[in-house]
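What follows is a short report on a single structure.
The values are calculated or read from the model by the stated rules, or taken from the named source; none is laboratory data. These figures come from a predicted structure and were not determined experimentally. All Cβ positions, even for glycine, are placed from backbone atoms using ideal geometry, and neighbour counts span all protein chains on display.
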Amino acid sequence: ASEPWFGHLRSTPQQRRDIRFVWSGDTVGQGFGINPDIGGMRIYEAMRLRLPDFFIHSGDTIYADGPVPAQITAEGGRIWRNITTEAKSKVAETLDEYRGNYRYNLMDENLRRFNAEVPQIWQWDDHEVTNNWSPSKQLDDRYKVKDIQLLSSRARQAYLEYAPLRLQEADKGGRIYRKIPYGPMLDVFVLDMRSYRDGNDANLADKPGPTTAFIGREQLDWLKRELDASTAQWKVIAADMPIGLGVPDGEVSPGVPRWEAIANGNDGPALGRELEIAELLAYLR
């Protein structure tokens with residue numbers, strides 16, 4: 001067992017006051033791990049020193065598909081040295097390998113100090129499982145396990161074990177989307193843009209249907225109800241993926257791009273996954 005790490009509890013405010021929070025995402029990606037030469041993951045220390053009320057981690061809390069080598073060549077030819085572990089030597093496939101990705105991050109002293117002082121709200125995105133994960137994902141040659149549903153199940157279990165969130169009774173503890181009230185001034189609505197989507201495709205359907213699902217009908221209706229019921233002055237919707245940015249994911253066929261996120265690169269009326277967002281924005285208006 002490791003030595004204990006002591007922290008403190010901060011409850012939500014009962015009175016109206018200023019609130020400061022920080023948000024970010026993507027921890028230990030692209031092969032850039034914990035570099036002892038520069039003092040580790042200093043971004044967490046920079047955020048801690050801002051004395052935030054809380055931190056929103058907008059996904060990619062780990063890079064399960066991103067091994068961390070002993071060193072890589074960074075911009076300008078600079079050598080970046082990493083602390084390495086067995087779990088980060090390959091893509092994660094077993095439950096213990098997914099867990100090992102979270103354990104790797106916790107080796108960083110900056111992150112441990114941050115965790116001891118700053119309340120956190122986590123959501124997940126694709127790299128908790130593998131890059132651009134959706135039900136139609138075809139896994140590359142690095143993977144011996146080719147069943148994306150099996151990998152996502154293992155990844156979800158590891159995420160729920162390490163994420164600082166209360167298990168949601170609504171679906172026996174597996175739900176990630178939720179509302180976090182933070183006193184009378186602020187409600188945070190945390191979305192899950194992974195669990196209810198259909199497979200990545202050309203994203204051009206002109207009518208709602210199974211292929212246009214992104215946050216899904218149940219979550220969309222939940223968000224509308226909770227926004228209506230909220231009495232907070234500020235309502236923050238935390239989305240783990242961008243609304244307007246086109247994120248390509250290869251091609252459906254020659255010349256026809258496959259899209260990973262919401263936007264489809266078409267400047268006309270809303271199509272595909274954009275239909276859900278158009279419905280939400282029309283409702284909010």
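Of the residues screened, ASP192 is not one that is in a strand (DSSP E or B) and assigned by the TED database to the domain that holds GLY246. Among the residues of segment 92-116, the ones that are in contact with a Leu (Cβ under 9 Å, 6 or more places away or on another chain) and of a type outside the set (Phe, Trp, Tyr) come to 5 in all. For SER152, the test of being out of contact with any His (no Cβ under 8 Å at 6 or more places or on another chain), of a type outside the set (A, V, I, L, M, F, W, C) and more than 16 Å from GLY66 (Cβ to Cβ) is passed. Out of all the residues in segment 29-47, which are under 21 Å from the mean Cα position of the chain (by Cα), in a loop (DSSP other than H, G, I, E, B) and touching a residue at least 60 places away in the same chain (Cβ under 8 Å)? Those that are under 21 Å from the mean Cα position of the chain (by Cα), in a loop (DSSP other than H, G, I, E, B) and touching a residue at least 60 places away in the same chain (Cβ under 8 Å): GLY29, GLY33, ILE34, MET41.
Criterion applied to TRP23, TRP80 was being more than 17 Å from the chain's Cα centre (by Cα) and either assigned by the TED database to the domain that holds PRO119 or of a type outside the set (S, T, N, Q) (or both), and the one residue passing it is TRP80. Scanning segment 66-78 for residues that are more than 30 Å from VAL236 (Cα to Cα), out of contact with any Phe, Trp or Tyr (no Cβ under 8 Å at 6 or more places or on another chain) and of a type in the set (Val, Ile, Thr) turns up nothing. Exactly one residue out of LEU245, LEU220, LEU204, LEU227 is in a loop (DSSP other than H, G, I, E, B) and modelled with pLDDT of 95 or more, and it is LEU204.
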